[in-house]
1. Being among the hydroxyl-bearing types (Ser, Thr, Tyr) and either crowded, with 16+ Cβ neighbours inside 10 Å or under 23 Å from Leu172 (Cβ atoms) (or both) is the filter here, so list the residues in the stretch 1-48 that pass it.
2. Name the one entry in Ile200, Ile213 that is at pLDDT 85 or above, farther than 30 Å from Gln75 by Cβ, outside any helix (DSSP H, G or I) and in the same structural domain as Ile261 (by TED's automatic domain parsing).
3. Assess whether Leu172 counts as being modelled with pLDDT of 90 or more and part of a loop (DSSP other than H, G, I, E, B).
4. Name every residue in the stretch 118-139 that is assigned to a loop (DSSP other than H, G, I, E, B) and closer than 20 Å to Ile66 by Cβ, in order of residue number.
Amino acid sequence: MKAKYIIKDLVLVILGILSAGMGIKGFLLSSHFIDGGVTGISMLLADITGISTSIFIFVINVPFIILGYRKLGTQFGIKSALAIAGLSLCIAFIQFPDVTHDKLLTAVFGGFFIGVGIGLAMRGGAVLDGTEIAAVLVSKKTQVIKVSDFILILNVLIFTAALFLLGVEPALYSILTYLAASQMIDFILNGIEQYTGITIVSVKSEEIRIAIIETLGRGVTVYEGKSGYGKDGHINEPRDIIFTVATRLEIPSLKNVILQIDPKAFIVQQSIDDTTGGMLKKKALH
C-alpha cells in the first residue's frame, strides 16, 4: 500500500514538472513574460543577465528547500528538492514547442500550465516554488501575516520590478499569467468538488436531518442550541443546529430540500479548504 502511494506521488510530481516546464518554456520565455514567486524572480533575473532560468530556479530555491527540510520534515524537504531539481533539468534539457506568439494566449495558457504543474506537485507532497514554504513559515512565526498576504506582498514587489525592468506591457501580461496560474492551482488542489460547510438552524431540524441523510446520503452533526431571539430579548426555546459538508455542485439540491421542509430555515455557508475523515462520500442508498 505504501509503495502504491509513493508511485502515485512520483507520477503527480513528474507530471507537474512537465506541465510547469511547458508553461515556462513553451509559452513565457519567448515573450519575456514572468510568473510570480521564485519562478518569476528567476525568469526576471535570467532576462536581465542572460543566464539560464533553470540555474536561477534551482539556486534561489536552495535556501527555501533547506528551510522546508528543517521546519516541515525530511520527506517534504527531499521531495521538494527533487521536484525543483527536476524542474530545472526539464527547462534546461527538454525541448518544448514555442506554441504561440499571441501575447494574450501566451499569458493565459502559460499561467494555465504552470498552475497545473504546481498544483499536481503539491498533490504529490512537494513544491516547485519555494515561495509557499517561506509563506507558511513566516505565517507560523509572526501569526499576523497570513500565507496569502505574504505571497501577495512578494508578488507585488516582483511585478513592480518587472514594470521597470521589462516594461509596462510585459509586466501587465505577467500579472495575467500569475492570476491564471493561481486559479489553476486552486482548481487542482480543491477541484470541482471543493467542500462547503453548511449550518442549518430550523424548528424542523429533525426532518431536515433525516432528509439530508436519506435523500442526499450525507453525514450530519447535530449541535444543541437555543433560540436567541424572543419578544423579551431573552434566550428561549431549545433548538437543534445541523452541520453538514457538501460539494458546491450539491449545494443547490441541498438547499432546495431544506427550504421545502422549512422555508424559514436559517442557512449559513462557509468555504472549507480541506477535509479528513467523516462521511464525505455519498452512501449507497437502497
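The values are calculated or read from the model by the stated rules, or taken from the named source; none is laboratory data. A quick note: this is a predicted structure, and the numbers were derived from the prediction, not measured. Because the Cβ atoms are built from the backbone with ideal geometry, glycine has one as well, and the counts that use them run over all protein chains shown.
1. Of the residues in the stretch 1-48, the ones among the hydroxyl-bearing types (Ser, Thr, Tyr) are 5, 19, 30-31, 39, 42.
Within the stretch 1-48, Ser19, Ser30, Ser31, Thr39, Ser42 meet the criteria.
2. After ruling out the rest, the residue left standing is Ile200.
3. no
4. Within the stretch 118-139, Gly125, Ala126, Val127, Leu128, Asp129, Gly130 meet the criteria.
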